[in-house]
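The structure appears right after this line, and notes come after that.
The values are calculated or read from the model by the stated rules, or taken from the named source; none is laboratory data. No experiment lies behind these values; they were computed from the predicted model shown. Counting neighbours? That spans all protein chains shown, and the Cβs are built from the backbone with ideal geometry, glycine included.
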Amino acid sequence: MNGNITNLHDPHSLCYSATFTFPSDHVMFRGVSRTPPTGLKKLTQILVIGSDGDHCQPQMYEAAKLVGDQIAAHGAVLVTGGLGGVMEAASKGAKERGGLVIGIIPHEEMSYANSFCDIIVPTGLGFARNYVTAYSADSVIVVGGGAGTLVEACVAYQKGKSIVALTGSGGTADKIAGTYLDDRKVVKVMSGSTPREVVDLAYDNALNGKKGVKYFQSVAKMI
């Protein structure tokens, strides 16, 4: 930006003129994409979303726990919303397997996270935290879930990230399994009937830091 002040002796006509030069192709919105150094590999981050503590039935809890166990068995990092229900169950399964668990919570205080989180990210964003969890994932697994789960799935869908629904777990998972979330057909929601199957799909189809198949060309287009 270049600028200059004119007419310094007259306070009533003091003005500031500026000339702005913007990078081409909205570079200022896209940031810088970096290639990892040779020999270094980013760990795959798999997000598990689903029913909270008030709506998580025992069989759903056990299924989510097995999902977390399998994520850790693959050497991937488990990402959740850090609270109860499916989030807690998956965290417990991964933790007991010796995996790394990240909880991204909507509160400002870490104390709200479940006890199985290794790393707690207190966003203070409320429901907007769902954007942070979805953006933090290379792929997403859906176990049960309601409206909040659907929001997270839609955010991941817009970014072209792989989504896998555990069929038979009820709620959002069963509703979106095998479908596109809108007529743009960005990515089709995959499905599996067992925890091991959905984790295999999520791991094998993870973006692992790469852009989605129909990634927005510029953040400016979403503003």
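Taking the criterion of being more than 12 Å from Gly53 (Cα to Cα) and among the small types (Gly, Ala, Ser), the residues of the stretch 82-94 that qualify are Ala90, Ser91, Gly93, Ala94.
Taken as a whole, the stretch 129-148 holds at least one residue that is crowded, with 22+ Cβ neighbours inside 10 Å, closer than 18 Å to Leu43 by Cβ and among the charged types (D, E, K, R).
Total residues in the stretch 56-90 satisfying the condition of being farther than 20 Å from Leu207 by Cα and either of a type outside the set (Gly, Ala, Ser) or out of contact with any Ser or Thr (no Cβ under 7 Å at 6 or more places or on another chain) (or both): the figure is 18.
Going by what's in this entry, would Ala206 be described as aliphatic (A, V, I, L, M), in a helix (DSSP H, G or I), touching a strand residue (DSSP E or B) at 6+ places or on another chain (Cβ under 8 Å) and surrounded by 17 or more Cβ atoms within 10 Å (Cβ to Cβ)? No; evaluated as a whole, the condition is false for this residue. Note on the stretch 73-99: among residues that are buried (at least 23 other Cβ atoms within 10 Å of the Cβ) and in a helix (DSSP H, G or I), the one that is nearest to the chain's Cα centre (by Cα) is Met87. Selection of the stretch 104-138 for residues being aromatic (Phe, Trp, Tyr) and over 17 Å from Gly148 (Cα atoms) yields Tyr112, Phe116. Every residue in the stretch 100-129 that is in a loop (DSSP other than H, G, I, E, B) and within 21 Å of Ser51 (Cβ to Cβ), please. Selection gives Pro106, His107, Ala113, Asn114, Ser115, Phe116, Cys117, Thr123, Leu125.
Only residues that are in a loop (DSSP other than H, G, I, E, B) and under 17 Å from the mean Cα position of the chain (by Cα) were counted in the stretch 177-203, giving 4.
Would you check which residues across the stretch 103-127 are under 18 Å from the mean Cα position of the chain (by Cα) and either more than 16 Å from Glu152 (Cα to Cα) or modelled with pLDDT under 95 (or both) and list them? Once the filter is applied, which keeps residues that are under 18 Å from the mean Cα position of the chain (by Cα) and either more than 16 Å from Glu152 (Cα to Cα) or modelled with pLDDT under 95 (or both), the stretch 103-127 yields His107, Ala113, Cys117, Asp118, Ile119, Ile120, Val121, Pro122, Gly124, Gly126, Phe127.
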